[in-house]
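**Q** Below is a structure I'd like to ask you about.
The values are calculated or read from the model by the stated rules, or taken from the named source; none is laboratory data. Everything numeric here is computed off the predicted structure, so don't read it as measured data. All Cβ positions, even for glycine, are placed from backbone atoms using ideal geometry, and neighbour counts span all protein chains on display. Ligands, DNA and RNA are stripped out before the accessible areas are found, and what is left, the full protein with its side chains, is counted by its heavy atoms. Shrake-Rupley method; radii C 1.70, N 1.55, O 1.52, S 1.80 Å.
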Amino acid sequence: MFTGIVSDIGEVIAHDNGRFSIRARYPASELEVGGSMACDGCCLTMTSVRAEASGSIFTVDVSNETRGKTTLGEWQPGRKVNLERSLRLGQELGGHLVTGHVDGLARIVEIVPDGESRRFSLEVPEHLAPYIAPKGSVALDGVSLTVNEVSDTRFGVNVIPHTLTVTTWGAKTPGQSVNLEVDLFARYIARLLEFRP
């Protein structure tokens with residue numbers, strides 16, 4: 001379980017089919033093989049960890065299913081990725097409950113400056129649109145964001161300067177796809193309504 005509060009920007013330094021090596025600033029002593037790491041919002045299991053002068057390098061194995069349904073299929077060395085370690089009991093829940101199970105891709109349609117912030121307009125597949133509501137939460141590339149407005153299959157979010165700086169959102173451009181996880185509660189409520197008599 002995660003919160004959508006990114007704590008590092010990692011860099012993909014190598015990949016071999018479904019195995020990716022990622023450089024992070026986390027000390028290797030704080031990571032463990034078998035532990036979970038949210039990488040651009042995808043919950044992945046660390047399969048190896050080694051120390052590096054500036055932090056650590058860890059590897060993750062990614063299935064064909066995950067590569068086919070997320071942005072991970074496009075990852076190449078040099079790509080920056082948002083990282084978040086799994087939530088520990090007793091830690092502050094600063095964003096919202098995020099599972100790291102990506103529902104699909106959202107495409108950035110437009111970016112408009114709004115003071116020091118930026119307003120992003122995104123489009124989602126029709127089957128995911130019902131799960132997105134104004135003032136609800138979404139995780140986009142692992143970042144917990146509040147939905148400003150919704151219109152059919154489009155919705156908007158506002159990204160503040162701090163988030164633009166400490167995540168990969170400061171470098172996003174129109175046309176890019178991002179990993180989308182809809183709100184956990186919206187998903188379960190929709191499922192329950194399917195079985196109402």
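**Q** Note down all Cβ pairs under 7 Å where the first residue falls in region 158-180 and is free of Cβ contacts under 8 Å to residues at least 12 places away in the same chain, the second is among the hydrophobic types (A, V, I, L, M, F, W, C), and they're at least six residues apart or on different chains.
**A** Taking only residues 6 or more apart or on different chains, the pairs are Gly170/Leu164.
**Q** Now for a different question. If the Cβ limit is 9 Å and pairs must be 6+ apart or interchain, which residue in region 52-75 that is modelled with pLDDT of 95 or more pairs with which residue that is open to solvent by less than 60 Å² (accessible area, probe 1.4 Å) and assigned to a helix (DSSP H, G or I)?
**A** Close Cβ pairs satisfying both conditions: Gly55/Ala28; Ser56/Ala28; Ile57/Ala28; Phe58/Ala28; Val62/Leu72; Val62/Gly73; Leu72/Thr66.
**Q** Only residues that are open to solvent by 40 Å² or more (accessible area, probe 1.4 Å) and either in contact with a Leu (Cβ under 8 Å, 6 or more places away or on another chain) or closer than 16 Å to Leu105 by Cβ (or both): list them for region 81-90, please.
**A** Arg85, Leu87
**Q** Then there's this: Can you tell me how many residues in region 131-156 are assigned to a loop (DSSP other than H, G, I, E, B) and among the hydroxyl-bearing types (Ser, Thr, Tyr)? Full working, then the answer.
**A** Step one: list which residues in region 131-156 are assigned to a loop (DSSP other than H, G, I, E, B), which gives 132-136, 141-142, 152-153.
Right, trim to among the hydroxyl-bearing types (Ser, Thr, Tyr) and you get 153.
Within region 131-156, residues that are assigned to a loop (DSSP other than H, G, I, E, B) and among the hydroxyl-bearing types (Ser, Thr, Tyr) number 1.
**Q** Taking region 95-127 only, how many residues are of a type in the set (D, E, K, R) and in contact with a Leu (Cβ under 6 Å, 6 or more places away or on another chain)?
**A** Number of matching residues: 1.
**Q** Here's something else I'd like to know. Is region 1-14 home to any residue that is outside any strand (DSSP E or B), touching a residue at least 12 places away in the same chain (Cβ under 8 Å) and over 19 Å from the mean Cα position of the chain (by Cα)?
**A** no
**Q** Separate question: Out of everything in region 124-165 that is among the charged types (D, E, K, R) and touching a helix residue (DSSP H, G or I) at 6+ places or on another chain (Cβ under 9 Å), what residue ends up being least open to solvent (accessible area, probe 1.4 Å)?
**A** Asp141
**Q** Scan region 116-128 and report the pairs whose first residue is closer than 14 Å to Val182 by Cβ and whose second residue is open to solvent by less than 20 Å² (accessible area, probe 1.4 Å) and of a type in the set (Val, Ile, Thr), with Cβ atoms within less than 7 Å and a gap of 6+ or a chain change.
**A** Leu122/Ile108; Val124/Ile132; Leu128/Val182
**Q** While we're on this one: Say we look at region 37-80 and pick out the residues that are surrounded by fewer than 17 Cβ atoms within 10 Å (Cβ to Cβ) and of a type in the set (S, T, N, Q); which of these is farthest from Ser7 (Cα to Cα)?
**A** Top of the filtered list is Asn64.
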